[in-house]
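We did not get these values from a lab; they are worked out from the coordinates using the rules stated. Please read all numbers here as calculations on a predicted model, not as lab measurements. Heads up, the Cβs are rebuilt from the backbone with ideal geometry, glycines too, and the neighbour counts pull from every protein chain shown.
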């Protein structure tokens, strides 16, 4: 499975999850429908861990990581109003254009990229004092993602750094040797499995189906072959706010 194929799979799962969230907001009475909605929401639990995984992959392969960060931030800002409107609908708050209670997931990924940038400097820095300062900066960014109310908070930005640091260190490569042509393999993705199940169990607290959905991230990652596939540079950035706008419009018209 190439990066493109994995992204398409995640986009489909994300849409299923968001439709499930929208149906939940409609307060269904049928037990069968509630179970179907639970399955839909469970399917989406693997989406963020895998996007964090691909974000770390992007940090490794991008020609200019600062441009990568800038692009993520631009689309995070573009996505914020559609995200606020959709959250307002889900929380029965009406059409909420400005809402600082929660920021969209692209901000979380952007902060994760920022921690990777600093982590790279930690690796190359020889001064112990400067290294300590850089580690402190990483900690502040991770804490900031919590206090800025980014989606998934500190654990989200930390996950990007964790995957990058584990998969691209010599020690990890010695523990889990893998094909040099592949940036990742199933064993390398073990931290994501642990983090995803942890998030599902303690933060979502929605039972076994959610935990299984989160652990499915490792299954999909095992099929990843490290190849990019066809490059579609901005399609997935655009899709995120676009699909939220479409779902919000559907709600306004039909609900």
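Put in order of Cβ neighbour count within 10 Å, fewest first, the listed residues 12, 116 become 12, 116. Stokes-Einstein diffusion for region 13-108 at 10 °C, viscosity 1.306 mPa s, with a Kirkwood radius from C-alpha pairs, works out to 105 µm²/s.
The alpha carbon centroids of region 90-109 and region 51-70 are separated by 24 Å.
Relative to a virtual label point 7 Å from the Cα of residue 78 in the Cα→beta-carbon direction, which members of region 225-245 show backbone nitrogen distances below 12 Å? Flagged as within label range: 233-243. Spin-label pair residue 9-residue 235: with each label point 7 Å from Cα along the Cα-Cβ axis, the two points sit 1.7 nm from one another.
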